[in-house]
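Report on the structure given below.
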Amino acid sequence: MQRVVLTVLLGVLTAAHAQRVQAPIPIGIAVAQTSNTALLGQEQVIGARMAEKYINARGGINGTPIRLIFQDAAGDENTAINAFQNLITKSGVVGIVGPTLSQQAFAADPIAERARVPVLGPSNTAKGIPQIGAFIARVSAPVAVVAPNAIRTALRLDPKIKRVAVLYAQNDAFSVSETGTFQETAKAQGLDVVTVQKFLTTDTDFTTQVTATLNANADLVIVSGLAADGGNLVKQLRQLGYKGLIVGGNGLNTSNIFPVCQQYCDGVIIAQAYSPAQASAANQVFVRDYRAQYKKDPPQFAAQAYAAVQVMADALRVIDRRKKLTSWELPALRVELNKQILAGKYNTPLGELRFDKDGEIIQKQFYVAQIKMKDAKNGSFVFLR
Amino acid sequence: MADFLAQYGFLIVTLVQAGLLGLSLYFPLQAGQLSLASPGFYAVGGYVAAILLTNPAYAGLRETLGQGVFPLTWLAAALLCGVLGLVVGVPALRLRGIYLALATIAFVEILRVVSLNLEVTGGAVGIFGIPQAFGFGERWQYIFLFGPLLVLTLLFARQLERSRVGRAFRAIREDELAADAMGVPPTRYKVLAFVIGAVLAGVVGAMSAPFLNTWNARQGSFDASIAILAFVLIGGSRNIWGPVVGGALLTAIPELLRFLADWRLVINGLVLVVASLYLPQGIVGALERWRRRPPPRRPVPAPSPAELRGGRRTP
Amino acid sequence: MNAPPVQATTVLEARGLTRRFGGLVAVNDVSFSVREGEIFGLIGPNGAGKTTLFNLMTGLTPPSAGTLSYRGTRVTGLAPHRVAALGLSRTFQNIRLFRALSALENVKIAQHVRTGAGLWAGVFGTARAEEARVEERAWALLDLVGLADRAGELAANFSYGDQRRLEIARALATEPRVLLLDEPAAGMNTAEKAALTSFIREVRDRFDLTVLVIEHHVPLVMNLCDRVAVLNFGELIAVGDPASVQRDPKVIEAYLGGE
Amino acid sequence: MELSQLVQNLLNGLAIGSVYAIFALGYTLVFSILGIINFAHGAVFTLGAYFTYTLVVGQFENNGLLRGVNLFPQGSPFAGSPWTFALATLIGAVVAGLIAVLIERLAFRPMRARGAEPLLALVSSLGVALVIVNLIQLLVGAEIYNFPANAYGEVRPALSFQLGERVVIIRTVQLIIFAVSLVMLAVLGYVIGRTRVGKALRAVAESPGTASLLGISVDRFILITFFLSGVLGGLAGTLVGTAFGVAGPYFGVTYGLKGLAVIVLGGLGSIPGAVVGGLVIGLAEAFVPGDYSAYKDAVAFALLFAILLVRPQGLLGRTQIQKV
């Protein structure tokens, strides 16, 4: 028994010394592969995988390929922390993309912060994420900026709009903050907020909220929620006879809502942090690859995960030019990578982006699109403006 | 070593934490009360700590106490959960068996929805940026909190089992009515057992909030209720080591199965099924069957018949 | 046969005890008194309400009407553990031992009312003296019923007769003044029954008890009891010394009609 | 409250309540026979919806191991008409029933044979649910699948009528669910109340020991119970799926907890109780004022807590008298 302990200890100690950067360059992906957050996580897995393939097909980091290491972070805090620990210590990753939920980020990011490992949040939109620490940044904009545009677009399409109903998922951190911006903008535009209705992302039946909206005679409905609940809400609004315009928040910006609201999705105006119509070459390649494989437009979650991996690779490439990556000590490279991530400017499928000193994303372009359904299942986001 | 602790430190502490939560369910179970309220008290304890440690209203308190604020959070959580346990326990413990379990699940869910909606609990996002207890930088250092708590709890449980109160618990578990007829007041001891569990879960929550860095409404949920029940049943519900072993094992398994990637939760589910099929007494229960208890030894001085009557007053 | 002491004081006084379950009257307006130190038998055909009467007397079932007092203190309305604390202890017709606990533990538990160590005394081990006393008395009581050599065995593993004796030991552990035995001889053979008779007397004498016994077996009752009360369909139809009760036409009618 | 508002809330409540009710029917059926809560019921409910979807659509597009597999290259024979859809639903339900039977054989019966603590069934069924949910995710991913909009034929999506100043509206699919749940209750009531199988089932529920003395094969009837429960669950899964989409592998499991509140409120093991409980909780939720809609999820549990304190046997349950 003693001998076993000793061997393990020795092994661990020696491992601690041999912390050189391995090739291919390991990058950790800790997103929700299980639990009911997997709906978002699996898109992130796809996005990250496509980025890996694309980057390596073009010679990786100046000839050295990257390797993504996936650890399931599920939908809870403990699993996210364990995934981070595994990536940091066992896999010796240079940086981490993850976790899926903001609540998980508040738990797991401090782990990476203390280990001095750079983290890029692919979908954490809550307030305070980049402020967790110097090593924490995100590519997911807290699209408060885009919300006003969507309302303005709606007003342009129908200038007679006067009465607004606001509906939001009150158990989703992002929707709660987004609805605040929506409501302020609506008031600033001189609109009456005639009813505010709350729901849960786990809800399926929205009859109560919809009838309240209808009876308030709203001529604009603003929905902040996620794909499943948001889609059902749109569908039930239309089925129960709502005729006016609908503005959907960023949570609805995914082609996953097409099979949910089907033909009823048609016409919904969506505030987007990502648009397949974004014209950059980076995005057009991504959209082409994605369409080839999945026969539909890539959703925002996939695009953001893709962008996160790309940002890491681009930053690594800059570092590698100065000094070959494999000759770095891992801890030093992690610190350097973090510095470089924050310093650089990137051309990603999200458009051009960079970071402020906290690690908050500065995204050049946001988008407003309108959903056009071809048939019951297929549709597209038509870029407006 | 440092790497080992960095990688598995968090996991190891969560194993201990799971064991403690298992024990918090074990105490009421000792008195025959199937309560699944632990996650509710755990959540409340965590919120108490998170609020005391982050809310600007308590900045002065934190300033004055320094590191002393952490023990204060434990105390506050213990007190609040104790009182809450009393308030919920007195009416709920009139229920038996599965009905009590369901009532406590309802309690947990109500708490969850309420904390999702309050300002002070941070709504859906919860509370984040919780300061680290005693400046612990590494997760494994939290073993210095949870470890002693586990040892103390086990000692407490062992002493309790051997005492008059512990006997009263067991009597109620075996046959509440007979216990009552033999002079053991069931309500008092059921509530006591329930409150002990509530206080323990609350303190574990208070220690866990800094450990997790953040706290939100999902910490206390129905899923957690069932998970903790599984800790106790798979570990063994008749021995203090049962919840500890069960909690540690069931927490470790999904992590140890990480190499299975996408299959790990499928296998984890199978483990639960197989364990409940083949270890009906729990792991510790199965091990205990191999160990024969020594017969009780009689104390040396033989009592006189006068003593047999007890030191009884003449009416 | 022991004659009851002359001018004995009344220990238990039942007045108009009544219990209805829905439309059924299980015990109907039953009044009687029990004197100190006597062995008081309660007989009657099946379903006559004997066990219900015991339940009313020990607080397990609240009466619909009527009272029971013990030396002037009202018993009815008290919770069972309070009745036990007052000094009334019982056994059960269908044996309710703590089956998964050892014989020793069964007897230790029942000393609850006569001890006082609270949670912290137990946890910090400051009630050693009391614990030692509990332990000693438990062994002595097991000695008394002849089970001391099997103290560590689970109650469930004992034979029927041994379980009945263990239940008596457990009842005695509460230090009662009144012992209520619900069919203590059920399932015993003739030899055991005879031994039981003398055992109950011995216990009564040794502990200065008053004993109430529910029993089916008429010879045993006649032999054991100082006085007997007969219940039929929830009503008390006769009270008196065994011989006179046996001659009572109502009793004969009840038994012949009933069986 | 205005009349129209009242009527609207009533309709909303009955609509969602009937969803709770049909979920709870199979749940409570197993409880009535075995006295255990079968957490795997939610997973079977989910499976029913997925099976029907497989038959009607034939392929799963985006994720999982079955991505790209097309069951019907020529188009599904079950798509297109309400009658073929009904047939697919029925087949899906029967397969779900068979899965429930399998669950009983593999996860519950061995436990009964060992005389294990009934609580362990909770853990075991939780394990089964975990396996099923994660297998679904492995095979077809976590995304939402929706039945073709014309599953019930070309019906209007909603009906409305004027009441006073306001319009009262109800979705057609919810009317269908409401009607089907009433039919399911009636059929179940007939099977249990009038047929020989039903009588035997009741005998097993009353006392397994006595039933086996009477020559009833208890194990066989437990299997029948699980089959019925699985069929009901699977059917309910498809119905709810048509109304709200098959919202990922956790689709049914999320009803499990509220289903628990439903069956306790109605009375554990009582079949009409499940329906009454479902409707009561649905109505209670519908009447939560808009300002407090955030607390809607707590309503079911507040009711559950309250009913347990006042009347533990539930609205329609029977009192159990404890023998001393």
Grab the DSSP H runs of chain C that are 4 residues or longer, score each as -39,500 (n - 2.57), total them, divide by all residues and round the 222 nm result to the nearest 500 deg cm²/dmol. -11500 deg cm²/dmol
Give me the three principal axis extents of segment C:97-175 from the C-alpha atoms, as integers in angstrom, largest value leading. 38, 21, 20
Can you tell me the relative contact order of chain D? Whole percent, Cα pairs under 8 Å, sequence separation 6 or more. 35
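Taking every residue in A:194-204, how many Cβ atoms of other protein chains lie within 10 Å of its Cβ, on average?
Rounded to a whole number, the mean comes out at 4.
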Counting only protein heavy atoms and a 1.4 Å probe, tell me what percentage of chain A's accessible area is made up of carbon and sulfur. 54
Which percent, nearest 5, of DSSP beta bridges in the protein assembly as shown are antiparallel? 50
Using Cα pairs under 8 angstrom and six or more residues apart, how large is the relative contact order of chain B, in percent? 33
For chain A, find the longest principal axis of its Cα atoms and tell me its angle to the long axis of helix A:38-57, 0 to 90°, nearest 10. 50
If one takes the longest principal axis of the Cα atoms in chain A, at what angle in degrees, from 0 to 90 and to the nearest 10, does the Cα axis of helix A:146-157 lie? 30
If N is the residue count of chain C, its Cα Rg over 2.2 N^0.38 Å rounds to 1.02
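Rounded if a/c is under 1.5, else prolate if a/b beats b/c, else oblate: with a ≥ b ≥ c from the C-alpha gyration tensor eigenvalues square-rooted, which is segment D:107-232?
oblate
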Between residue D:163 and residue D:310, 0.36 nm times their residue separation minus their Cα-Cα distance comes to what? 49.1 nm
What number do you get for chain A when its Cα radius of gyration is normalised by 2.2 N^0.38 Å, N = residues? 1.04
With all protein chains in place and a 1.4 Å probe, residue B:114 shows an accessible area in Å² (nearest 10) of 50
Using a Gaussian network for chain B with springs between C-alpha atoms less than 10 Å apart, which of these wobbles most: B:154, B:257, B:249? B:257
Euclidean distance of C-alpha centroids, segment D:190-218 and segment B:28-77, integer Å: 52
Counting every C-alpha pair in segment B:1-58, the percent lying more than 14 Å apart is 69
Antiparallel versus total DSSP beta bridges in chain A: what percent is that, nearest 5? 40
Mind checking which lysines have their C-alpha under 25 Å from residue A:187, skipping anything on the same chain fewer than 8 residues away? A:127, A:160, A:162, A:198, A:243
Considering only DSSP states other than H, G, I, E and B, which trypsin sites (Lys or Arg not before Pro) in segment A:292-363 qualify as loop sites with at most 16 other Cβ atoms within 10 Å? A:295, A:323, A:324, A:357
Given DSSP loops and a limit of at most 15 other Cβ atoms within 10 Å, what is the longest stretch of chain D that contains no such trypsin sites (Lys or Arg not before Pro)? D:1-317
Hey, quick one: spin label on residue A:321, modelled 7 Å out along Cα-Cβ, who in segment A:60-91 has an amide N within reach, i.e. under 16 Å? A:60-64
Taking one equal scatterer on every alpha-carbon of the protein assembly as shown, how large is log10 of I(q)/I(0) by Debye at q = 0.08 1/Å? -0.97
Could you provide, to the nearest whole Å², the per residue accessible area of segment C:97-175 with probe 1.4 Å? 34
From phi via Karplus (6.51, -1.76, 1.60), per-residue ³J(HN,Hα) for segment A:128-142 in Hz, x at Gly/Pro: x, 5, x, 6, 4, x, 5, 8, 10, 9, 9, 9, 9, 6, x
For q = 0.16, 0.18 Å⁻¹, Debye-computed log10 I/I(0) when each Cα of segment D:30-151 counts as one equal scatterer: -0.82, -0.95
Taking segment D:211-324 on its own, what percent of its Cα-Cα pair distances exceed 22 Å? 48
The distance between the Cα centres of segment D:28-70 and segment C:173-188, in whole Å, is 59
Counting C-alpha atoms alone, how compact is segment B:10-219: give Rg to one decimal and Dmax as a whole number, in angstrom. 17.5, 55
Unit-weight point scatterers at every alpha-carbon of segment A:227-320, Debye formula, q = 0.15 1/Å: log10 I(q)/I(0) is -0.66
With the cut-off at 1.5 for a/c, could you classify segment A:143-272 from its C-alpha gyration tensor as rounded, prolate or oblate? rounded
Extension gain residue D:3-residue D:183, at 0.36 nm per residue separation less the Cα-Cα distance, in nm? 61.9 nm
Express in nm, to one decimal, how much length is gained between residue C:9 and residue C:216 on full extension, taking 0.36 nm for each residue of separation and deducting their alpha carbon distance. 71.8 nm
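Compute the FRET efficiency between residue D:172 and residue D:220 as 1/(1 + (r/R0)^6), taking r as their Cβ-Cβ distance and R0 = 41 Å, and round to the nearest 0.05.
0.50
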Excluding residues fewer than 8 places away in the same chain, name every one of the aspartates and glutamates whose C-alpha is closer than 16 Å to that of residue A:295. A:43, A:375, D:61, D:143
Quick query: amide H of residue A:70 versus all other amide H atoms, modeled in the peptide plane; which residues come in under 5 Å with a sequence gap of 5 or more or a different chain? A:29
Quick one: what are the phi-derived ³J(HN,Hα) couplings along segment B:118-134, Karplus 6.51/-1.76/1.60 with θ = phi - 60°, whole Hz, x for glycine and proline? 7, 5, 5, 9, x, x, 5, 6, x, 10, 9, x, 6, x, 7, 4, 6
Taking chain D as a Gaussian network, where each spring joins two C-alpha atoms under 10 Å apart, which residue of D:308, D:14, D:163 fluctuates the most? D:163
If I fit a long axis through the Cα atoms of helix B:69-92 and take the longest principal axis of the Cα atoms of chain B, what angle between them do I get, 0 to 90°, rounded to 10? 50
In Å³ per residue, the alpha-carbon convex hull of segment D:87-135 encloses 72
Taking R0 as 51 Å, what FRET efficiency do you get between residue B:154 and residue C:46 from their Cβ-Cβ distance, rounded to the nearest 0.05? 0.50
Considering only DSSP states other than H, G, I, E and B, which trypsin sites (Lys or Arg not before Pro) in segment A:122-168 qualify as loop sites with at most 10 other Cβ atoms within 10 Å? A:160
Please compute, for the alpha-carbon atoms of segment B:208-270, the extent along each of the three principal axes and give them in descending order in Å. 34, 30, 20
Each label sits 7 Å from Cα toward the beta-carbon; between residue A:23 and residue C:132 the label points are separated, in nm, by 7.9
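So what's the back-of-envelope 222 nm ellipticity for chain B, counting only DSSP H runs of four-plus at -39500 (n - 2.57) apiece and dividing by all residues, rounded to 500?
-23000 deg cm²/dmol
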Cα-only Rg/Rh for segment B:173-242 with Kirkwood Rh rounds to 1.09
Between segment A:278-328 and segment A:92-107, how far is it from one alpha carbon centroid to the other, in angstrom? 18
Convert each backbone phi in segment A:266-272 into a coupling constant with the Karplus relation 6.51 cos²θ - 1.76 cosθ + 1.60 (shift: θ = phi - 60°), then list the ³J(HN,Hα) values in order as whole Hz, x for Gly and Pro. 3, x, 5, 8, 10, 7, 10
Prolate/oblate/rounded label for chain D (Cα gyration tensor, a/c 1.5): oblate
For labels at residue B:86 and residue D:10 in the simple 7 Å Cα→Cβ model, what's the distance in nm? 4.7
Tell me which residues come under 5 Å, amide H to amide H, from residue A:352 once H is placed; ignore anything under 5 positions away on its chain. A:364, A:365
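The values are calculated or read from the model by the stated rules, or taken from the named source; none is laboratory data. Here the structure is a predicted model, which is why all the values come from computation and not from measurement. Every residue, glycine as well, gets a Cβ built from its backbone with ideal geometry; the counts of neighbours run over all protein chains shown. We work out accessible area using only protein heavy atoms, side chains counted, and drop any ligands, DNA or RNA first. Shrake-Rupley method; radii C 1.70, N 1.55, O 1.52, S 1.80 Å.
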